[in-house]
Amino acid sequence: MMKRTSILSIGILGCCILISLTIVMAGFEQSKNLTHAQQSLKDYNERMSDPVDALDPLSTAGSVSIGELVIPKLGVDCSIRSDTVNAYNAVYHYPESAMPGQPGECGILGHRTTYSGLFTNLGTLVVGDKVIIIDPIMKKKYTYSVTSNGDDIRWDYKTNPVTFALDGQARLMLMTCYPPGKKEAAFITHCTLVSTDNI
């Protein structure tokens, strides 16, 4: 009886050790996964732009016009400026964002109700509508396709500033105020680059 109890005790002890080793190994694997995830997040954050005030940008850029924005459905054909959003028949390119046609997110800000109100009807764009940027310096025409519109309204843009990815697929973010005429939120239309042509 004593021998049988000893064997049973050794068996239980062996099972406990095996379970403990399995838990330690699983914890070690999770630790490696966590370290990898933390490094990935650090790498992602390092490839983001500095935060910007989405609706009140301050620019120190020296150049004025970097290209032309055309939105056929809205009848928009205007210049893209890098010095101010407050100009007639013009929109603003965030210098913190990617340049048009380049990897990452290109950010463009336009008014809804003042200074020509070029983005008055931005909310009417639907998935698949075209947005074109013409770059006279690079002699390129970048055609983007709307991928979402009205799904990204940032009510917290003052406390959680917008940042732009600076690598990955070439994308375009068209931003304006929301509701129209008020700066309560940043309304963002997302597009992806579908073609690049020489001009």
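The values are calculated or read from the model by the stated rules, or taken from the named source; none is laboratory data. Note that the structure is a prediction, hence the values are computed from the model and not measured. A quick note on method: Cβ atoms are made from the backbone with ideal geometry, for glycine too, and the neighbour counts reach across all protein chains shown.
Quick one: which of Asp167, Asp135 is under 21 Å from Glu68 (Cβ atoms), assigned by TED's automatic domain parsing to the domain that holds Gly101 and of a type in the set (Asp, Glu)? Outline the logic, then answer.
Details: Asp167 fails: under 21 Å from Glu68 (Cβ atoms).
Just a single option satisfies the conditions, and that option is Asp135.
Out of Asn160, Asn89, one residue alone is in contact with a helix residue (DSSP H, G or I) (Cβ under 9 Å, 6 or more places away or on another chain) and in the same structural domain as Leu69 (by TED's automatic domain parsing). It is Asn89. Does Met173 satisfy the criteria of being in the same structural domain as Pro72 (by TED's automatic domain parsing), among the aliphatic types (A, V, I, L, M) and in contact with a Gly (Cβ under 6 Å, 6 or more places away or on another chain)? Answer is yes for this residue. Taking Ser40 as the residue in question, decide whether it is touching a Pro at 6+ places or on another chain (Cβ under 8 Å), at pLDDT below 65 and either surrounded by fewer than 19 Cβ atoms within 10 Å (Cβ to Cβ) or part of a strand (DSSP E or B) (or both). Judged against the criteria, Ser40 is not a match.
Can you give me the number of residues within region 74-99 that are assigned to a loop (DSSP other than H, G, I, E, B) and buried (at least 16 other Cβ atoms within 10 Å of the Cβ)?
As a first pass, look at region 74-99 and keep what is assigned to a loop (DSSP other than H, G, I, E, B): 75, 82-89, 94-99.
From what is left, the residues that are buried (at least 16 other Cβ atoms within 10 Å of the Cβ) are 82-83, 85, 87, 94-99.
Total meeting the criteria: 10.
Looking only at residues of region 134-162 that are closer than 23 Å to Ala90 by Cβ and loosely packed, with under 14 Cβ neighbours inside 10 Å, we find that the one that is modelled with the lowest pLDDT is Ile137.
For residues that are of a type in the set (S, T, N, Q) and within 19 Å of Leu122 (Cα to Cα), scanning just region 158-194, find the one that is farthest from the chain's Cα centre (by Cα).
First pass over region 158-194, keeping only residues of a type in the set (S, T, N, Q): 159-160, 163, 169, 176, 189, 192.
Filter again for within 19 Å of Leu122 (Cα to Cα), leaving 176, 189, 192.
Numbers: Thr176: 15, Thr189: 11, Thr192: 11 Å.
Only one residue fits best here, namely Thr176.
Within the option set Leu174, Leu109, Leu166, Leu122, being surrounded by 14 or more Cβ atoms within 10 Å (Cβ to Cβ) and touching a Pro at 6+ places or on another chain (Cβ under 7 Å) holds for one residue only, Leu109. With the condition kept exactly as written, say whether any residue in region 100-116 is part of a helix (DSSP H, G or I) and either in contact with a strand residue (DSSP E or B) (Cβ under 7 Å, 6 or more places away or on another chain) or not basic (Lys, Arg) (or both). Within region 100-116, one or more residues are part of a helix (DSSP H, G or I) and either in contact with a strand residue (DSSP E or B) (Cβ under 7 Å, 6 or more places away or on another chain) or not basic (Lys, Arg) (or both). Does Ala165 count as more than 12 Å from Glu105 (Cβ to Cβ), at pLDDT below 95 and among the small types (Gly, Ala, Ser)? Against the criterion (more than 12 Å from Glu105 (Cβ to Cβ), at pLDDT below 95 and among the small types (Gly, Ala, Ser)), Ala165 does not qualify.
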